[in-house]
Amino acid sequence: MIRVNVFFILVVLCGFNAAVVKADLTFVVTDYVEDAIPIAVVPFQWKGKGQLPGDMAKVIDSDLSRSGQFKSMSRNKMSSKPHSPSDVQFAQWKRQGMDYLVIGSITPKEASRYSIRFYLYDVIKKTQVAAYTLPIHRRVFRKAAHRISDIIYQKITGEKGAFDTRIAYVTVEKRKKRRLYRLKIADSDGHNPKTMITKSNSILSPAWSPKGDKIAYVSFETRRPRIYIQEVATGKRTRLPSFKGINSAPSWSPDGRKLAVVLSYGKNPDIYIYDLRSRKFKRITRHYGIDTEPTWTPDGKSIVFTSDRGGSPQIYEVAATGGRAKRVSFEGSYNARPRVSPDSRKIVMVHRDRGSKKFQISVLDRETRSTLVLTSGALDESPSFSPNGRMIIYSTAGTRSRNILAAVSIDGLVHQRLAVQRGSVREPAWSPFSRR
Amino acid sequence: MKIKSLTMILLAGTLAACSGTEEKPVDQNTPLPEVETVEDEAITAIPDDVDDGNAIDGGSDDLSFLEILDDPTSPLSNTTVYFGFDQHDVSGEYAPTLDAHAAFLMEHADLQVVLEGYADERGTPEYNLALGEKRAIAVRDYLQVLGVSANQIEMVSYGEENPVAEGHNEAAWAQNRRVKLAYSGR
């Protein structure tokens, strides 16, 4: 595996006015691909009066660098800062080793609106790859920047970008002898953190609805694990019908109409499917062992889950209509918490090799059944795919018995760490693509 | 207050009794049955107000008999059963402890105990939640075999949440893989 170890700290907070909300998580890219694409993102021209509404180019630059697939040019190395197509000198950028160039301008419009114009150039071919005008409202300034990053990413790599997405996670803070748990949502770069709920008992297993408008999760607020659904926009919350014992591990069906859940009735945990419209549960597995952590395949036809029916936790698959489960993981003494990749080809999970003491994030190829270990921590857990399947966010042990979040690319080449301001952070869940 | 709690216990008990969730034990030799649809009527959800897990309270006014739980010379002073990694079978070494607790519970028929199941931080939170419940069930089964009434026992799993020891090492993990016998009224 070819890797370049670079300690590359992105200070995403600088250069903004007071209106910017402080980030909860700060990204540190620890490894990026050796053949990262060189790109120059020139600061956008502000055509209005007074203060700039924000440094859009900086947000874009940070997004692209954070992906590990791009290496951006620092501003003080730019010998010119063009804003319009007629000012672009390809020879200059080529000489400085750039493959791509981004320029743009921001024009103020009425009622706190702006018009963003940007161009993407292929410096080697001396051609314009993309030119867009985005009319936006001031309050979605950063979101617009992430959308531009998505466009650039897709034009260059051919893959959909996942910058304009969000991450849900749980923070744990110790206050004297009490612990405070918060379910939070932030932009994919850690900005704009928003608290969904604060409780003095554990919160587990946040899961985004396919439209990204709701989050299902488990809260121990009644001192028993119970499943709740909360609307992201309004904060409105409902609780699923609850039973004795465990009510846990919610996972939305791809059509958003059902939730796969775990119920134990105080006897034995099995997988059930809850129909949100008919409000009925249908039993999917029936085994005296532990069946838990259900997740759907993207076609909605199967449920992939963890079971210890074979003596140790392993990954199994069963039709969403029920029936006999088949085992899908064979390597390692512990495989749990599966998530299927958006292209259906892979399963990411928590894996422990035979004879090893480490729990690491691994990816299982559903066809070849081979397992690739992606991380090197000892207590890595809760992997969640970015909606384009490129990155996996997970929780890992940090210093001073805190948990932090980290991300790794599906090929194991790009590594990021997300430093949290204070306390512990765990149970990350990457949102689906945002709806436009 | 007392009356209210008692009513709540009775209510919870009644609900459990009418809920009809009784599951037939699975015979390992027969093929897996067809998937059944569980109707809402078949499994009655427990309403919010009795679902707090706080509904348990001692039925007796004088709780001084519970002081024996603090007597280090009594086997009752040990209220924790520990487990091996990913294990949920009760080790033979806990027989004297659990025998004493079973006798104690049978002697005080209106006494309630909550079996809190826990796991260490290794592995996944949801699997550990299930494992914690398996451990609580193992202890419950042990107590029931000795004759303790099902009505006296409640179980809750916290999985890897609320660890008693916080380190990332075997010493801490061993302390966290446990079932705690928590008596009401204390």
Relative contact order of chain A, pairs being alpha-carbon contacts under 8 Å that are 6 or more residues apart, as %
12 percent
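With an 8 Å cut-off on Cα pairs and a minimum separation of 6 or more residues, tell me the relative contact order of the stretch A:302-361 in percent. Walk me through the numbers before you get to the answer.
Working: 116 pairs, mean separation 15.2, N = 60.
Over the stretch A:302-361, the number comes to 25 percent.
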Tell me which lysines have Cα within less than 17 Å of A:Lys301's Cα, excluding those fewer than 8 residues away on the same chain?
A:Lys258, A:Lys282, A:Lys326, A:Lys346
Buried accessible area, chains B and A (both chains, 1.4 Å probe, Å² to nearest 100):
5000 Å²
Whenever you get a sec, compute what percent of the accessible area on the stretch B:58-186 sits on carbon and sulfur atoms (1.4 Å probe).
50 percent
Calculate what fraction, in whole %, of the accessible area of the stretch A:36-157 sits on carbon and sulfur atoms when a 1.4 Å probe is rolled over the protein chains.
47 percent
At 1.4 Å probe size, with no ligands or nucleic acids counted, give the accessible surface of A:Phe163 in Å², nearest ten.
20 Å²
Using only the Cα atoms, work out Rg/Rh for the stretch A:36-157, with Rh taken as the Kirkwood radius, to two decimals.
0.95
Dividing the mean separation of Cα pairs under 8 Å (6+ apart) by the residue count of the stretch A:36-157 yields a relative contact order in percent of 27 percent
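Classify the stretch A:358-436: rounded, prolate or oblate, from the alpha-carbon gyration tensor (a ≥ b ≥ c, eigenvalue square roots; a/c under 1.5 rounded; otherwise prolate if a/b is larger than b/c)? Spell out each step's value before the answer.
Working: a/c = 2.30, a/b = 1.21, b/c = 1.90.
Verdict is oblate for the stretch A:358-436.
Please report the antiparallel percentage of DSSP beta bridges with both residues in the protein assembly as shown, rounded to the nearest 5.
Values: 127 of 142 bridges.
That works out to approximately 90 percent antiparallel.
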Roughly how tilted is helix A:56-66, in degrees to the nearest 10 and between 0 and 90, from the longest Cα axis of chain A?
50 degrees
Along the principal axes of its C-alpha atoms, what lengths does the protein assembly as shown span, in descending order and rounded to whole Å?
92, 52, 49
Looking at the stretch A:329-412, what % of its DSSP beta bridges pair antiparallel, to the nearest 5?
95 percent
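Please compute the Kirkwood hydrodynamic radius over the stretch B:58-186, one decimal place, Å, based on all pairs of different Cα atoms.
Kirkwood hydrodynamic radius for the stretch B:58-186: 14.9 Å.
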Looking at the stretch A:354-399, residues buried by 30 Å² or more relative to their chain on its own, accessible surface at probe 1.4 Å, turn out to be A:Phe359, A:Leu379, A:Glu381
Taking Lys and Arg as +1 and Asp and Glu as -1, residues besides A:Arg95 with C-beta under 14 Å from its C-beta add up to +2
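The values are calculated or read from the model by the stated rules, or taken from the named source; none is laboratory data. A quick note: this is a predicted structure, and the numbers were derived from the prediction, not measured. Cβ: placed from backbone, ideal geometry, glycine included. Neighbour counts: every protein chain shown. We work out accessible area using only protein heavy atoms, side chains counted, and drop any ligands, DNA or RNA first. Shrake-Rupley method; radii C 1.70, N 1.55, O 1.52, S 1.80 Å.
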